[in-house]
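Asks: Take a look at the following structure, please.
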Amino acid sequence: HGFSSHIPKGSSYHELESIGFFERVVKHLGWDKFSFLGHSMGGDMGCLYASVFPEKIKCLIMLDILGPALNGGDRDPDKVVAVTRKAILGKLNMERKSANATEKVYKSPEDALERLLAAAKAGNGEIPRESAKIILKRGLKANDNGYSFTRDMRMLAFTKDLNIYGMPRNFKVDLSRGLTMPHLIVKGSYGPVYDCQEHVDEVMEIYQQNSNFEFQTVEGGHHVHLTNPERVLPVIDEFLRNHSL
């Protein structure tokens with residue numbers, strides 16, 4: 001995503017390693033304590049980091065995501081063998097295709113913009129053209145023949161169906177109990193929910209045991225912070241003021 005460096009060839013993205021990536025950055029910057037704000041997968045990763053290193057987090061803010069314990073039960077005992085097999089074959093197939101394929105090049109930023117808009121519509125929801133242009137400020141790079149997206153294709157293998165290094169759901173649920181810092185979730189009213197209501201209720205009950213937890217819903221979809229920041233910013237601002245942050 002953006003201008004972040006890609007991991008080395010032959011490596012994979014997975015949840016536990018992401019915690020280590022964050023800690024490397026924290027140590028490099030010399031931070032002792034900081035606030036973490038993340039959207040979607042970024043919110044999940046922030047939740048994991050805050051569970052493992054709670055003493056370093058002033059507050060955790062998650063945008064349109066309910067947490068890593070609510071992404072389906074792909075590591076349930078009756079599924080783990082099939083998912084592991086699918087993950088290995090999918091990863092190797094992606095590597096093979098990447099090795100034999102040239103980078104997709106778009107003749108103009110407008111062509112890349114159209115591709116991004118189509119992908120958003122097919123994925124987590126349509127986004128306005130002006131919002132998509134903001135994403136492309138860091139999501140597009142110029143090269144000799146035109147323009148290419150900066151994202152690492154291997155991020156596609158981070159989905160629950162292709163992630164060989166997933167964690168059992170009960171482990172993620174236990175991690176959720178470690179969130180004692182000020183914790184805010186801002187959910188789009190028609191943003192996606194990736195798990196069943198029973199699991200949602202279970203984890204939300206755990207979150208609510210933290211007296212510093214807040215849950216707010218704003219009208220909008222998965223990218224409401226981008227398409228309508230005026231709906232999200234006041235919620236975050238009030239939360240920070242309430243906790244003197």
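The values are calculated or read from the model by the stated rules, or taken from the named source; none is laboratory data. Worth saying up front: this structure is predicted, and the values here are computed from it rather than measured. We place every Cβ from the backbone using ideal geometry, glycine too, and count neighbours over all the protein chains shown. When the accessible area is computed, the model is the full protein with side chains, heavy atoms only, and any ligands, DNA or RNA have been set aside. Shrake-Rupley method; radii C 1.70, N 1.55, O 1.52, S 1.80 Å.
Asks: Any idea which residue in region 110-128 is nearest to L140 (Cα to Cα), counting only those that are in contact with a Gly (Cβ under 9 Å, 6 or more places away or on another chain) and either assigned to a helix (DSSP H, G or I) or open to solvent by less than 60 Å² (accessible area, probe 1.4 Å) (or both)?
Replies: Restricting to residues being in contact with a Gly (Cβ under 9 Å, 6 or more places away or on another chain) and either assigned to a helix (DSSP H, G or I) or open to solvent by less than 60 Å² (accessible area, probe 1.4 Å) (or both), the top hit is A112.
Asks: Return yes when Y106 is among the hydroxyl-bearing types (S, T, Y), modelled with pLDDT of 80 or more and either over 30 Å from Y207 (Cβ atoms) or under 20 Å from the mean Cα position of the chain (by Cα) (or both) and no when it is not.
Replies: For Y106, the condition - among the hydroxyl-bearing types (S, T, Y), modelled with pLDDT of 80 or more and either over 30 Å from Y207 (Cβ atoms) or under 20 Å from the mean Cα position of the chain (by Cα) (or both) - is met.
Asks: A further question on this structure: Specify the residue that is nearest to G90 (Cα to Cα); the eligible residues are those in region 12-31 that are in contact (Cβ under 8 Å) with a residue 12 or more places away in the chain, over 14 Å from the mean Cα position of the chain (by Cα) and open to solvent by less than 40 Å² (accessible area, probe 1.4 Å).
Replies: S12
Asks: Here's another thing I want to ask about it. I'd like to check something: does region 71-93 contain any residue that is of a type outside the set (F, W, Y), under 29 Å from H223 (Cα atoms) and in contact with a strand residue (DSSP E or B) (Cβ under 8 Å, 6 or more places away or on another chain)?
Replies: Looking through region 71-93, none of the residues is of a type outside the set (F, W, Y), under 29 Å from H223 (Cα atoms) and in contact with a strand residue (DSSP E or B) (Cβ under 8 Å, 6 or more places away or on another chain).
Asks: If you take the residues in region 29-71 that are among the small types (G, A, S) and in a strand (DSSP E or B), which one is nearest to C196 (Cα to Cα)?
Replies: Here the answer is G38.
Asks: List, please: which pairs have Cβ atoms under 7 Å, are six or more places apart or on different chains, and start with a residue in region 221-245 that is within 13 Å of S189 (Cα to Cα) and assigned to a loop (DSSP other than H, G, I, E, B) and end with one that is modelled with pLDDT under 95 and open to solvent by 40 Å² or more (accessible area, probe 1.4 Å)?
Replies: Every condition considered, the pairs that remain are G221/Y190; H222/N124.
Asks: I would also like to ask the following. Which residues, taken from region 172-213, are more than 21 Å from V52 (Cα to Cα) and without any contact (Cβ under 8 Å) to a residue 24 or more places away in the chain?
Replies: C196, Q197, E198, D201
Asks: Now for a different question. Need the failing condition index for S35 against (1) within 26 Å of H223 (Cβ to Cβ); (2) surrounded by 16 or more Cβ atoms within 10 Å (Cβ to Cβ); (3) modelled with pLDDT of 95 or more, just the number.
Replies: Going through the list (1) within 26 Å of H223 (Cβ to Cβ); (2) surrounded by 16 or more Cβ atoms within 10 Å (Cβ to Cβ); (3) modelled with pLDDT of 95 or more, S35 breaks only (2).
Asks: Identify, please: which residue in region 38-65 is open to solvent by 20 Å² or more (accessible area, probe 1.4 Å) and closer than 22 Å to V218 by Cα and is, among those, farthest from the chain's Cα centre (by Cα)?
Replies: By that ranking, first place goes to H39.
Asks: Further, regarding this structure: Take region 184-195 and flag every residue that is more than 16 Å from P234 (Cα to Cα) and surrounded by 19 or more Cβ atoms within 10 Å (Cβ to Cβ).
Replies: Once the filter is applied, which keeps residues that are more than 16 Å from P234 (Cα to Cα) and surrounded by 19 or more Cβ atoms within 10 Å (Cβ to Cβ), region 184-195 yields only G191.
Asks: Of all residues in region 129-152, which are assigned to a loop (DSSP other than H, G, I, E, B) and in contact (Cβ under 8 Å) with a residue 40 or more places away in the chain?
Replies: Hits for region 129-152 are N145, T150, R151, D152.
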